[in-house]
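Have a look at the structure below before the remarks.
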Amino acid sequence: MNRADLQRLSRLREQEAQVLLANGYFAGAYYLLGYAVECALKACIAKQIRRYDFPDRKLVNDSYTHDLEKLLNISGMKNAIQSEMQTNPSLAVNWTIVKDWSEQSRYSHNISEIMARNFFSAVTEKGSGVLSWLKKQW
């Protein structure tokens, strides 16, 4: 799995979530949107590894998580997103919504339409969606 694969997966999970959301499968849409953000963060991590370099063991091991806040730290994007949030308060609100996603949501069946749509907006909103911002960084 390389950076381009992770970028492709992120886009694909976003598209799949959009289809699920449009067809009333709110829990599935929520779940896949979280994975879209996770893949985008991992693409940012992969960007740190230069071709032909042997990656740092701690970086690699720490990257095997689904925790979006941990991945943001590992990706090296924490300072950049915090700086952007100073001038883009909508991004700050959206990160607050997105950061608490967990892969454990795959077991949730009680994700409401409002929750799924709010999450979708927080992830994809042009100019201030978390995934929209990450795509500029990866």
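Identify all residues within the stretch 42-61 that are open to solvent by 100 Å² or more (accessible area, probe 1.4 Å) and modelled with pLDDT under 80; write none if there are none.
At the first step, the residues of the stretch 42-61 found to be open to solvent by 100 Å² or more (accessible area, probe 1.4 Å) are 47, 50-52, 54, 57-58.
Of everything in the stretch 42-61, those that are open to solvent by 100 Å² or more (accessible area, probe 1.4 Å) and modelled with pLDDT under 80 turn out to be 50, 51, 52, 54.
Search the stretch 101-138 for residues being part of a loop (DSSP other than H, G, I, E, B), over 15 Å from residue 88 (Cα atoms) and polar (S, T, N, Q), and hand back the single one that is modelled with the lowest pLDDT.
108
Of the conditions (1) touching a residue at least 40 places away in the same chain (Cβ under 8 Å); (2) over 21 Å from residue 8 (Cβ atoms); (3) open to solvent by 40 Å² or more (accessible area, probe 1.4 Å), residue 22 satisfies every one except a single condition; which number is it?
Status for residue 22: all satisfied but (1).
Taking the stated definitions as given, is residue 6 closer than 15 Å to residue 134 by Cα, in contact with a Cys (Cβ under 9 Å, 6 or more places away or on another chain), in a helix (DSSP H, G or I) and of a type in the set (A, V, I, L, M, F, W, C)?
Numbers: closer than 15 Å to residue 134 by Cα: yes; in contact with a Cys (Cβ under 9 Å, 6 or more places away or on another chain): yes; in a helix (DSSP H, G or I): yes; of a type in the set (A, V, I, L, M, F, W, C): yes.
Judged against the criteria, residue 6 is a match.
Does the stretch 2-25 hold any residues that are small (Gly, Ala, Ser) and more than 19 Å from residue 121 (Cα to Cα), and which are they?
Once the filter is applied, which keeps residues that are small (Gly, Ala, Ser) and more than 19 Å from residue 121 (Cα to Cα), the stretch 2-25 yields only 4.
Provide a single number: the residues in the stretch 63-73 that are assigned to a helix (DSSP H, G or I) and either under 13 Å from the mean Cα position of the chain (by Cα) or over 18 Å from residue 2 (Cβ atoms) (or both).
Total meeting the criteria: 6.
Given the criteria over 13 Å from residue 68 (Cβ atoms), modelled with pLDDT of 95 or more and surrounded by 14 or more Cβ atoms within 10 Å (Cβ to Cβ), does residue 94 qualify?
no
Yes/no matrix, rows are residues, columns are (1) at positive phi; (2) among the hydroxyl-bearing types (Ser, Thr, Tyr); (3) open to solvent by less than 30 Å² (accessible area, probe 1.4 Å):
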residue: 83; (1), (2), (3): no, yes, no
residue: 90; (1), (2), (3): no, yes, no
residue: 110; (1), (2), (3): no, no, no
residue: 115; (1), (2), (3): no, no, no
residue: 126; (1), (2), (3): no, no, no
residue: 133; (1), (2), (3): no, no, yes
residue: 136; (1), (2), (3): no, no, no
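The values are calculated or read from the model by the stated rules, or taken from the named source; none is laboratory data. Owing to the predicted nature of the structure, the values given are computational and were not obtained by experimental measurement. Cβ: placed from backbone, ideal geometry, glycine included. Neighbour counts: every protein chain shown. The area values use the complete protein model at the heavy-atom level, side chains included, leaving out ligands, DNA and RNA. Shrake-Rupley method; radii C 1.70, N 1.55, O 1.52, S 1.80 Å.
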